[in-house]
1. Does any residue in the stretch 70-94 that is within 17 Å of Gln58 (Cα to Cα) come within less than 8 Å, Cβ to Cβ, of a residue that is surrounded by fewer than 10 Cβ atoms within 10 Å (Cβ to Cβ) six or more places away or on a different chain, and which pairs are these?
2. Tell me, which residue of the stretch 101-119 that is assigned to a loop (DSSP other than H, G, I, E, B) and basic (Lys, Arg) is nearest to Leu67 (Cα to Cα)?
3. In the stretch 60-95, which residues are of a type outside the set (D, E, K, R), over 19 Å from Thr111 (Cβ atoms) and open to solvent by 50 Å² or more (accessible area, probe 1.4 Å)?
4. So which residues in the stretch 33-66 are part of a helix (DSSP H, G or I) and aliphatic (A, V, I, L, M)?
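The values are calculated or read from the model by the stated rules, or taken from the named source; none is laboratory data. Quick caveat, the model's predicted, so the values are computed rather than measured. Virtual Cβ from ideal backbone geometry, glycine too; neighbours counted across all protein chains shown. To get the accessible areas, we keep the full protein, side chains included, count just its heavy atoms, and leave off ligands, DNA and RNA. Shrake-Rupley method; radii C 1.70, N 1.55, O 1.52, S 1.80 Å.
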Amino acid sequence: MFKKYILCITYNSEVDRTAVELSCFKKLFCSFMDHMFIYFFCRETEMRNSILAQVLDQSARARLSNLALVKPDKANAVENYLIQMARFGKLGGKISESGLIEILEKVSQQTEKKTTVTFNRRRVMDSDDEDDY
C-alpha cells in the first residue's frame with residue numbers, strides 16, 4: 001500500500017508533493033484506522049459469540065437472538081451479564097432456556113423504569129372564597 005502512494009508522490013513536482021503526501025497519508029491513515037476498527041470489532045464479536053456458544057444451549061441461544069431482534073439493549077445487557085459470569089467462573093454448565101428466562105427476569109427487574117406521574121395544579125389568581133359565576 002505504501003509503495004503505490006510513494007510512487008504517486010514521486011512523479012509530482014516539489015510544490016504539489018506536500019499536498020499530495022498529506023492527502024495520501026490521510027487516506028491511508030483513515031483507511032488503516034477503519035480496517036483496525038473493523039478488525040477489532042469482528043474479533044470482539046467472535047469472542048462474545050464463542051463465549052455465549054459455550055455458556056448457552058441451542059434453545060437459549062435462539063431465545064436470546066430473538067430477543068436481540070426486538071430489544072437489542074436488553075439482549076446486550078443479558079449477554080454482558082452472561083459473559084461476566086462466565087469469566088468469573090460462576091456458571092456451572094450450559095444454561096438452558098428456563099435458566100435464561102430467570103436471568104432475563106433478573107435483568108428486567110434491575111433495569112425496569114418506574115414511571116411516576118405527578119400533577120402540579122397551579123392556581124393563579126384563583127380564590128376559593130369568591131365565586132365568580
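1. none
2. Of the stretch 101-119, the ones assigned to a loop (DSSP other than H, G, I, E, B) are 112-119.
Keeping just the survivors that are basic (Lys, Arg) gives 113-114.
Values: Lys113: 19, Lys114: 22 Å.
Of everything passing the filter in the stretch 101-119, Lys113 is nearest to Leu67 (Cα to Cα).
3. Selection gives Ser65, Phe88, Gly89, Gly92.
4. Taking the stretch 33-66 as the starting set, the residues that turn out to be part of a helix (DSSP H, G or I) are 33-55, 58-66.
Result: Met33, Met36, Ile38, Met47, Ile51, Leu52, Ala53, Val55, Ala60, Ala62, Leu64.
Residue-by-condition table, conditions (1) of a type in the set (S, T, N, Q); (2) at pLDDT 80 or above; (3) under 21 Å from the mean Cα position of the chain (by Cα); (4) part of a loop (DSSP other than H, G, I, E, B):
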position	(1), (2), (3), (4)
Lys4	no, no, no, no
Cys8	no, no, no, no
Val15	no, no, no, no
Leu22	no, no, no, no
Ala68	no, yes, yes, no
Ala75	no, yes, yes, no
Val78	no, yes, yes, no
Gly99	no, yes, no, no
